[in-house]
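Visitor: I'd like to ask some things about the structure below.
The values are calculated or read from the model by the stated rules, or taken from the named source; none is laboratory data. From a predicted model like this one, the values you see are computed outputs, not experimental measurements. So basically every Cβ, Gly included, is an ideal-geometry build from the backbone, and we count neighbours across all protein chains shown. Accessible surface is based on the protein model in full, side chains and every heavy atom, while ligands, DNA and RNA are left aside. Shrake-Rupley method; radii C 1.70, N 1.55, O 1.52, S 1.80 Å.
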Amino acid sequence: MKLSKRLQQLADLAINEVSPDGQTKYDHIWDCCCDHGFLGADLLLKQTGATIHFVDIVPSLITSVHDKLLRFYPPAQYQWQTHCQDVSTLPLDTYSGRQLIILAGVGEDLMIHFVTQLQQGFGNKALDFLLCPVKTPLQLRQQLITLKLSLKQEVLVEENGRFYEVLFVSNDAPGEPITPYGNTLWQADDSQTQASQRYLKRLLNHYQLMVHSDKVQAQASLEAYRAIADQISLTEE
């Protein structure tokens, strides 16, 4: 199954995090809210050396994923487990080594809840989070700052006319400070410059409209994005 552009970006970030011996730095990778399990299955095929955990709270989905894994990814050859449970209750303390939690396709509020619960419950574990919320993650960024996580990478993905911010963060690995409105997100190479400018224009238009109903927060966001537009010399199309 060919991955969507968004899921492919998440897979690439996960498997590119490798150690000097060419293996992934992760002992366990959690594909949370896995739906049909396409992302986790792709990671299995890459033979990363990590155990891939498929997590979803919907019993019928996780049963279907489990049956397909048994058929196409036999446990004798592939390392995987399935979990039917709330992401905020993951048994991270049961496993040793570095762990990556991937969260995509859920709203900002729910993602904030999941990350907060896991970090507060298992902050003593070596955890990385690969996050891709469905909307602009201003509040999520603020919470990541509050939780004192560091930024490994941030990437903008454009897919089917929508934009997604991907945040790759860690609770112990060296990284850059997380900023409320993005930093390296706007420092794209030539192939991404047009996408980042289209996204920024969309944000500016959105917050110009929002100023009328939510003046304080919307005005602050509008001014922040205007400053970014000045910094990157936003061009008109």
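Visitor: Report the residue count in region 154-182 for those that are surrounded by fewer than 17 Cβ atoms within 10 Å (Cβ to Cβ), assigned to a strand (DSSP E or B) and either touching a helix residue (DSSP H, G or I) at 6+ places or on another chain (Cβ under 8 Å) or among the polar types (S, T, N, Q) (or both).
Guide: Number satisfying all stated conditions: 3.
Visitor: If you check Lys2 against the conditions, is it surrounded by fewer than 17 Cβ atoms within 10 Å (Cβ to Cβ) and modelled with pLDDT under 95? Working first, answer last.
Guide: Details: surrounded by fewer than 17 Cβ atoms within 10 Å (Cβ to Cβ): yes; modelled with pLDDT under 95: yes.
In short, yes.
Visitor: With in a helix (DSSP H, G or I), at negative phi and at pLDDT 90 or above as the only criterion, which of Ala195, Ala229 stands out? It would help to see each step written out before you state the result.
Guide: Details: Ala195 fails: at pLDDT 90 or above.
The match here is Ala229.
Visitor: Give region 134-172 a look and list any residue that's touching a residue at least 40 places away in the same chain (Cβ under 8 Å) and under 19 Å from Tyr207 (Cβ atoms), or say none.
Guide: Correct list: Thr136, Leu138, Arg141, Leu156, Tyr164.
Visitor: Still on this structure: Which residues, taken from region 203-226, are part of a helix (DSSP H, G or I) and not aliphatic (A, V, I, L, M)? Please lay out each step first, then the result.
Guide: Just the residues of region 203-226 that are part of a helix (DSSP H, G or I), to begin with: 203-210, 215-226.
Across region 203-226, the qualifying residues are Asn205, His206, Tyr207, Gln208, Lys215, Gln217, Gln219, Ser221, Glu223, Tyr225, Arg226.
Visitor: Looking at region 122-139, which of its residues are open to solvent by 10 Å² or more (accessible area, probe 1.4 Å), aliphatic (A, V, I, L, M) and more than 11 Å from Glu108 (Cβ to Cβ)?
Guide: First, the residues of region 122-139 that are open to solvent by 10 Å² or more (accessible area, probe 1.4 Å): 122-126, 134-136, 138-139.
Keeping just the survivors that are aliphatic (A, V, I, L, M) gives 126, 134, 138.
Within region 122-139, Ala126 is the sole residue that qualifies.
Visitor: On the given criteria, is Gln142 open to solvent by 20 Å² or more (accessible area, probe 1.4 Å), of a type outside the set (Val, Ile, Thr) and within 16 Å of the chain's Cα centre (by Cα)? Let's see the steps before the verdict.
Guide: Working: open to solvent by 20 Å² or more (accessible area, probe 1.4 Å): yes; of a type outside the set (Val, Ile, Thr): yes; within 16 Å of the chain's Cα centre (by Cα): yes.
Yes.
Visitor: If Glu165 passes every condition in (1) out of contact with any Gly (no Cβ under 8 Å at 6 or more places or on another chain); (2) of a type in the set (D, E, K, R); (3) at pLDDT 95 or above but one, which one does it miss?
Guide: Of (1) out of contact with any Gly (no Cβ under 8 Å at 6 or more places or on another chain); (2) of a type in the set (D, E, K, R); (3) at pLDDT 95 or above, only one is false for Glu165: (1).
Visitor: So, in region 183-192, of the ones that are open to solvent by less than 80 Å² (accessible area, probe 1.4 Å) and at pLDDT below 85, which residue ends up farthest from Arg141 (Cα to Cα)?
Guide: In the first step, residues of region 183-192 are kept if they are open to solvent by less than 80 Å² (accessible area, probe 1.4 Å); the result is 183-186, 188, 192.
Remaining after also requiring at pLDDT below 85: 188, 192.
Values: Ala188: 19, Gln192: 22 Å.
Among those residues, the one meeting the criterion is Gln192.
Visitor: Out of contact with any strand residue (DSSP E or B) (no Cβ under 7 Å at 6 or more places or on another chain) and either more than 23 Å from Leu156 (Cα to Cα) or surrounded by 19 or more Cβ atoms within 10 Å (Cβ to Cβ) (or both): is that true of Leu61 in this structure? Steps first, answer last, please.
Guide: Values: out of contact with any strand residue (DSSP E or B) (no Cβ under 7 Å at 6 or more places or on another chain): yes; either more than 23 Å from Leu156 (Cα to Cα) or surrounded by 19 or more Cβ atoms within 10 Å (Cβ to Cβ) (or both): yes.
It is true that Leu61 is out of contact with any strand residue (DSSP E or B) (no Cβ under 7 Å at 6 or more places or on another chain) and either more than 23 Å from Leu156 (Cα to Cα) or surrounded by 19 or more Cβ atoms within 10 Å (Cβ to Cβ) (or both).
Visitor: Here is a list: Leu110, Leu39. Which entry is open to solvent by 40 Å² or more (accessible area, probe 1.4 Å), closer than 21 Å to Arg6 by Cα and among the aliphatic types (A, V, I, L, M)?
Guide: Working: Leu39 fails: open to solvent by 40 Å² or more (accessible area, probe 1.4 Å).
Selected residue: Leu110, the only one of Leu110, Leu39 that is open to solvent by 40 Å² or more (accessible area, probe 1.4 Å), closer than 21 Å to Arg6 by Cα and among the aliphatic types (A, V, I, L, M).
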